[in-house]
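Asks: Have a look at this one before I ask anything.
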Amino acid sequence: MKRVIFAILLLYSSAWAISLERIIDTSLSKNPSLESISERIQANKYNIAVSNQFANPELLITKNTLDSSQAMSKSVVSFKQKIPFYNKRDTNKKIALAEDALLDEKLSAAKTKLVEKIKSEAYTIWKLNELYKIINEYITLTKQNIDLYESYTSIDENQHIGIMKAELSLSDLRIQKSVLQEKINSAYAQLSYLAAFKVKHLDIDLQMREKPNLSNLQRSLSENPDIKIKDKEVLKQNAKLKMADLNNYPDINLIAGYAMRENFDNYFTVGVGLSLPIYGTEDYKEEEARAMVLSAASQKADTQISVNAELESYYAQMLSSYDIYHIIQDDALPQVAHMFELSGSSISIGADLFKYIDVLFDKLDLEQKSIKAVTNYNLAKAKIAQLKGEMK
C-alpha cells in the first residue's frame, strides 16, 4: 500500500506544485540514508536478543592409543559449559540496549538534519523564484520606458546617453535572469535528491514573522538531538564500565565427562574450571572504560556549549534579517516609491531617463535585499528548529 501511495505521489508531484510538508513527510519515510540507519537499528535488535545468552557448550571426544587390556585405555566424551559471573549477562544486555537507544537518537538526529536541509533548499527556491519574478517585472518596465523615451521626436545627446544606460541595464537584467534560471534548476535537482523523488514545482510562501526572543529560544533546546546522543553515549559507556568491573571476577567452566573402557568399568568425571586474572589485564581495561566515561561526559559538556553558541549565532541572523526587512519596508521603500513616482511622471514629458533608471534600480536593489532578508530569517529559523529536534 505504501508503494502505491508513493507512486501516486510521484505522478502528482511531477505535474502539480507540491507542498513543503508533503515533501518532508515523504522523504522521512523513503530517504535511503535514513533507511540505512533503520536497518542498523533492526540489526541491533538481534544483538539484544543474544546479549544475555549463555555461550555455546563444548563437546569433546578423546581416545588414547593404549591397548584395551590396559586399565588406562579409554574413550572419553566430555561436556563443558561456561557460566558467566553473577550479573554479567544482564550487564551485557544493558550495553546492547544502550546501543539501541543510541541508534534511535542518531536516527532522530538524522531526520531533523534532513528536514533542515529540505527546508533550506525549499527556502532557497522561494528566494530564487521571487528574485526571478521581480527581474522579469523590471525587464518589462525597462523595455516600456525605453520604447516610451524613443517615441519622442527630438532626442538630444544627453537623452541618448540615458537610452544607452537603460539598454545596458536591460542587458544586465537579462543576464541576472539567466543566472537565476540556472540556480533554480540546480536547487530543484538538490531538493529532489533530498526528497528521494522528483520535485518539479514547489508550493511555498515565506513571510517575515515575529521578532525573535533569545530567552524563549534557549528554553527550547531540551530536545536537542546532539545532546541527547551524548546522553545515550554516556549511558552506554557507564554500562561498559560496569562490565569491565565485573570482568575482574572469573567465569566458571563446568565440566562433565564419561569414560568408556572395554575390559574395565566405565566411569563419570566432573570438574570446575576458572580463569585466573593474575596479570592485571582486567584492571587496565577497567581504567580504560572509566576514562571513556569521562571522555563521553566531557564531549556532552562541549556539545552543550557548541549548541548554545550555534543558537546565538542563528538568533543574531534572525534578528539582523528582521531589522533589515523592516528598515527596507518601513523606511527605505516608501521614500524610493515617492522618488519613483516623481521620476516616473517626469519621464512622460521627456525628462532625464538616466536619473529614472538609477531610481528604478535603487528600488530593485531594495526589493532584492528584502527578499533575501525574509529568506535568511527563515533559514536561521530552520536551523534553530533542527537544534530543537523538530521534524516538521
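The values are calculated or read from the model by the stated rules, or taken from the named source; none is laboratory data. Keep in mind that this is a model prediction, so the values were computed, not measured. Note: ideal-geometry Cβ built from the backbone for every residue, glycine included; neighbour counts use all protein chains shown. Side chains are part of the model used for accessible areas, which takes the heavy atoms of the whole protein and leaves out ligands, DNA and RNA. Shrake-Rupley method; radii C 1.70, N 1.55, O 1.52, S 1.80 Å.
Asks: For D205 and T65 in one chain, what is 0.36 nm times their gap in residues minus the Cα-Cα distance, to one decimal in nm?
Replies: Details: separation 140, 0.36 × 140 = 50.40 nm, distance 8.95 nm.
Taking 0.36 nm per residue and subtracting the Cα distance, the gain is 41.4 nm.
Asks: Per residue, how much accessible surface does the chain expose to a 1.4 Å probe? Answer in Å², no decimals.
Replies: Working: 22890 Å² over 392 residues.
Spelled out: the 1.4 Å probe surface of the chain, per residue, equals 58 Å².
Asks: Angle between the Cα long axis of helix 281-326 and the longest principal axis of the chain, 0 to 90 degrees, nearest 10?
Replies: 10 degrees
Asks: Let me ask another. Between T112, T62, T281, which gets the highest mean-square fluctuation from a Gaussian network model of the chain, Cα cutoff 10 Å?
Replies: T62
Asks: Treat each spin label as a single point 7 Å out from the Cα along the C-beta direction, and report the S186 to L148 distance in nm.
Replies: A separation of 3.6 nm, rounded to one decimal place.
Asks: Test of understanding: in a Gaussian network model of the chain with alpha carbons linked when under 10 Å, which of N308, N64, N376 would top the mean-square fluctuation ranking?
Replies: Per the Cα network of the chain with a 10 Å cutoff, N64 tops the list.
Asks: Could I ask something else about it? Mind computing the radius of gyration and Dmax over the alpha-carbon atoms of region 274-322? Å is fine for both.
Replies: According to the Cα coordinates of region 274-322, Rg and Dmax are 21.5, 71 Å.
Asks: Using the C-alpha gyration tensor of region 47-117, what are the square roots of 5 times its eigenvalues, in whole angstrom, with the largest one first?
Replies: 53, 13, 5
Asks: Okay, moving on. Sticking with the crude label model, points 7 Å out along Cα→Cβ, report the distance from I139 to D265 in nm, one decimal please.
Replies: Going by the 7 Å Cα→Cβ label model, 10.8 nm.
Asks: Rounded to whole Å and sorted largest first, what semi-axes of the equivalent ellipsoid does the C-alpha gyration tensor of region 12-130 yield via the square root of 5 times each eigenvalue?
Replies: On the way: eigenvalues 761, 53, 16 Å².
After diagonalising the Cα gyration tensor, the semi-axes are 62, 16, 9 Å.
Asks: If you don't mind, another one. For N56 and K113, compute 0.36 nm times the residue count separating them, minus their Cα-Cα distance, and round to one decimal in nm. Could the numbers behind the result be given before it?
Replies: Details: separation 57, 0.36 × 57 = 20.52 nm, distance 4.28 nm.
Roughly 16.2 nm would be gained on extension.
Asks: Related question: If one takes the longest principal axis of the Cα atoms in the chain, at what angle in degrees, from 0 to 90 and to the nearest 10, does the Cα axis of helix 225-246 lie?
Replies: Tilt relative to the chain: about 10 degrees.
Asks: Let me ask something else. Once both axes come from the Cα atoms, what is the angle between helix 2-15 and the longest principal axis of the chain, in degrees from 0 to 90, rounded to 10?
Replies: Orientation of helix 2-15: about 20 degrees from the principal axis.
Asks: Could you tell me which of Y315, M339, A239 has its Cα farthest along the dipole of the chain towards the positive end, charges placed at Cβ (Lys, Arg +1; Asp, Glu -1), taken about the Cα centre?
Replies: The listed residue farthest towards the positive side: A239.
Asks: How much accessible surface does R22 have with a 1.4 Å probe, in Å² rounded to 10?
Replies: Looks like 110 Å² after rounding.
Asks: Taking region 155-290 on its own, what percent of its Cα-Cα pair distances exceed 21 Å? Intermediate values should be presented prior to the final figure.
Replies: Details: 7273 of 9180 pairs.
Result: 79 percent of Cα pairs exceed 21 Å.
Asks: Shifting gears a bit: How much accessible surface area, in Å² rounded to 10, belongs to the heavy atoms of Y315 with a 1.4 Å probe?
Replies: 50 Å²
Asks: How far is it, in nm, from the label point at V76 to the one at K369 when both lie 7 Å from their Cα along the line to the Cβ?
Replies: Using points 7 Å along Cα→Cβ, the separation is 9.3 nm.
Asks: Find the centroid of the Cα atoms in region 111-125 and in region 202-239, then give the distance between the two in whole Å.
Replies: The distance from the Cα centre of region 111-125 to that of region 202-239 comes to 15 Å.
Asks: Another question, then. When the convex hull of the Cα atoms of the chain is projected onto a plane and the area is averaged over all directions, what value comes out in nm²? Mind dumping the intermediate values first?
Replies: On the way: hull surface 130.2 nm².
Value for the chain: 32.6 nm².
Asks: To continue, here is another question. Over the Cα atoms of region 84-148, Rg to Rh with Kirkwood Rh, two decimal places? Please list the in-between numbers first.
Replies: Working: Rg = 28.2 Å, Rh = 16.9 Å.
Ratio of gyration radius to Kirkwood radius for region 84-148: 1.67.
Asks: Find the relative contact order for the chain and round it to a whole percent, using C-alpha pairs within less than 8 Å whose residues are 6+ positions apart.
Replies: Numbers: 472 pairs, mean separation 104.9, N = 392.
Once divided by the residue count of the chain, the mean separation gives 27 percent.
Asks: Okay, next question. Might you report the magnitude of the Cβ-based charge dipole of region 268-310 about its Cα centre, with Lys and Arg at +1 and Asp and Glu at -1, to the nearest 20 debye? Write down the numbers at each step before the final one.
Replies: Values: 3 positive and 7 negative charges, 23 e Å.
Computed charge dipole of region 268-310: roughly 100 debye.
Asks: With a 1.4 Å probe and every protein chain kept in, tell me what percent of the accessible surface of region 18-388 is carbon plus sulfur.
Replies: Working: 11150 of 21050 Å².
Here it works out to 53 percent.
Asks: In addition: For n ≥ 4 DSSP H runs only, could you compute -39500 (n - 2.57) per run for the chain, divide by its residues and tell me the 222 nm figure to the nearest 500?
Replies: Values: 10 runs with 270 residues, N = 392.
Only helices count here, giving -24500 deg cm²/dmol.
Asks: Now for a separate question. Can you give me the long-range amide H partners of I83? Hydrogens built in the peptide plane at 1.01 Å from N, cutoff under 5 Å, separation of 5 or more residues or another chain.
Replies: I252, N253, L254
Asks: Top mean-square fluctuation among I328, I135, I61, Gaussian network model of the chain, C-alpha springs under 10 Å?
Replies: I61
Asks: Okay, next question. Give me the extension gain from S215 to Y249: residue separation times 0.36 nm, minus the current Cα-Cα distance, reported in nm with one decimal.
Replies: Details: separation 34, 0.36 × 34 = 12.24 nm, distance 5.11 nm.
Extra length from S215 to Y249 when fully extended: 7.1 nm.
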